Amino acid sequence: MKLVLLIVNCIFLAVGQVGGPLLLRLYYLHGGQRKWLSSWLQTAAFPILLIPLFVSWCKSKSKTKSQTQSQSTNDHVKPGLLLNRKLVIWSVIVGIITGLDSFLYAIGFNYLPVSVSSLLLATQLAFTAVFAFILVRQKFTPYSINSVVLLTLGSVILAFHTSSDKPMGVTKAQYFLGFFMTLAGAALLGFMLPLIEFVYANAGKVITYDLVMQMQFLVSMFATLFSTVGMLINKDFQAISREAKEYGLGETKYYMVLVFTSILVQLSMAGYLGVIFCATSLFTGVLVTLLIPVQQIFAIIFFHEQFSAEKGMSLALCLWGFASYFYGEYRQSKKKKNQENVPMKDQDIPDEV
C-alpha cells in the first residue's frame, strides 16, 4: 500500500513541479506583473484537498460503524481531526515558511527563464542534504557529498551567464535579483523538506496518510493567508480584473492560467509531503532534481528558450550529482542487505586482537 502511495505522490510531484513553473512563467510573459498574486496562486487551491479528506472521512466513519457492531466503542478511534496541538502549531510554522518561499520563487519567475530557475532549484538538494543531516541525522556518504558539490558548482556556473538569456525587458540588476531570490527559495525549500520529516518523527503519534493530508491542508491554508496579507497591502485583488483585460492571451486565458497554475502547484505541494511520508526528505530532493531535464525540454519547446553551453554544463553537473547520489544509495542498500544475510553465529565472532 505504501508503495502505491509513493508512486501516486511521485506523479503528483512530477506533474506539479513541471507544469506549475511553466504556467507561472506564462503568466509573466504575456503581461502579468503581480508578484504577490503569483505567490498566492501557489497555495490557493488548497480547498481541493477537502475532496480526498471527505472521502477518507466517509471511509473512516463506515469502518467505525462496522467496528462498533463487533466490539466496544473503547476499542476504536472515532473519525475526525487527527492532528494534535503540536502538529497544528508546526503546520502554522511550515505554512508561513511556504508562503515566504512562494514569494521568493514568484520574484525569480518574473525575471528568469524557466531553464535557469529550474537549474537553480536543483541546488535545493545541497541544502536539503545539509539540513537533513542537522535535523534528522541523515548519514552522509562520499557519493552524497560529491552530489552536493556538483549541484552547487552547477548553480555557480549559471551565475556567470547573464547576458544572452535575459528575458526581453529585464535589466541585469533584475536578472541578478531573480537569480538570488530563486537561490534563496531553493535554500528555504531545502530547509523545509527535512523540517517536515523532523515534524513527522517528533509528532508524538503514529503518522498516517490521512494525517499528512490534514497537515497539508493547514500548511497550504496558512501559506495562502500569508500571501493574502501581501496581496491586500499591495492591492493585488483590485488589479486582477484590470490585468485580465490587458493580458496578451486574452481575458479568458488569463483566468485559465491562474486556475490551472494554482491546481498544478497544489498537486506539487501535496506530492512533497506525501513523498516525505513514504520515503525521506532527501529522496524528495533527489526526485525534484531528476525532473530538471523535463523542465528544460518543455521550456525550450513552449517558450523557445536558448540552451547555451553554460546551461548544458550546469545541467550535466546536476545529472552527474543525481547519478552520484543514486549510486551511493544503491551501494548503501546493497551493503545493508549483505549484512542482514550474514548468519548470526558469524556476526557474534569477536575480532582478534
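The values are calculated or read from the model by the stated rules, or taken from the named source; none is laboratory data. Quick caveat: nothing in here was measured; it's all calculated off a predicted structure. All Cβ positions, glycine included, derive from the backbone under ideal geometry; neighbour counts span all protein chains shown. Just so you know, the surface numbers come from the protein's heavy atoms only, side chains and all, with ligands and any DNA or RNA stripped out. Shrake-Rupley method; radii C 1.70, N 1.55, O 1.52, S 1.80 Å.
Taken over the stretch 115-134, residues that are over 18 Å from the mean Cα position of the chain (by Cα) and either open to solvent by less than 10 Å² (accessible area, probe 1.4 Å) or of a type in the set (A, V, I, L, M) (or both) amount to 1.
Scanning the stretch 280-294 turns up no residue that is open to solvent by 80 Å² or more (accessible area, probe 1.4 Å), at pLDDT 80 or above, more than 30 Å from Pro167 (Cα to Cα) and among the hydroxyl-bearing types (Ser, Thr, Tyr).
Residues that are touching a helix residue (DSSP H, G or I) at 6+ places or on another chain (Cβ under 8 Å), modelled with pLDDT of 85 or more and of a type in the set (Gly, Ala, Ser): find the helices (runs of 4 or more DSSP H) completely inside the stretch 88-178 holding 1 or more of those. Correct list: 124-136. Summed over the stretch 214-247, residues that are of a type in the set (Ser, Thr, Tyr) and surrounded by 21 or more Cβ atoms within 10 Å (Cβ to Cβ) total 3. Determine, yes or no, whether Glu305 is open to solvent by 80 Å² or more (accessible area, probe 1.4 Å) and either at pLDDT below 75 or outside any helix (DSSP H, G or I) (or both). In short, no.
In this structure, Ile263 does not satisfy being surrounded by fewer than 13 Cβ atoms within 10 Å (Cβ to Cβ), outside any loop (DSSP other than H, G, I, E, B) and modelled with pLDDT of 80 or more.
All conditions in (1) among the small types (Gly, Ala, Ser); (2) at pLDDT below 80; (3) within 30 Å of Thr182 (Cβ to Cβ) hold for Ser70, with the sole exception of (3).
Count of the stretch 5-51 residues, restricted to those that are open to solvent by 50 Å² or more (accessible area, probe 1.4 Å) and under 16 Å from Val219 (Cα atoms), is 4.
Applying a threshold of 6 Å to beta carbon distances and a minimum spacing of six or more residues, or different chains, the list of pairs starting in the stretch 269-291 at a residue that is part of a helix (DSSP H, G or I) and ending at one that is open to solvent by 20 Å² or more (accessible area, probe 1.4 Å) and of a type in the set (A, V, I, L, M) reads Cys278/Leu5; Cys278/Leu6. Taking the conditions exactly as written (assigned to a helix (DSSP H, G or I), surrounded by 13 or more Cβ atoms within 10 Å (Cβ to Cβ), of a type outside the set (S, T, N, Q) and modelled with pLDDT of 90 or more), does Lys253 satisfy them or not? Criteria met by Lys253.
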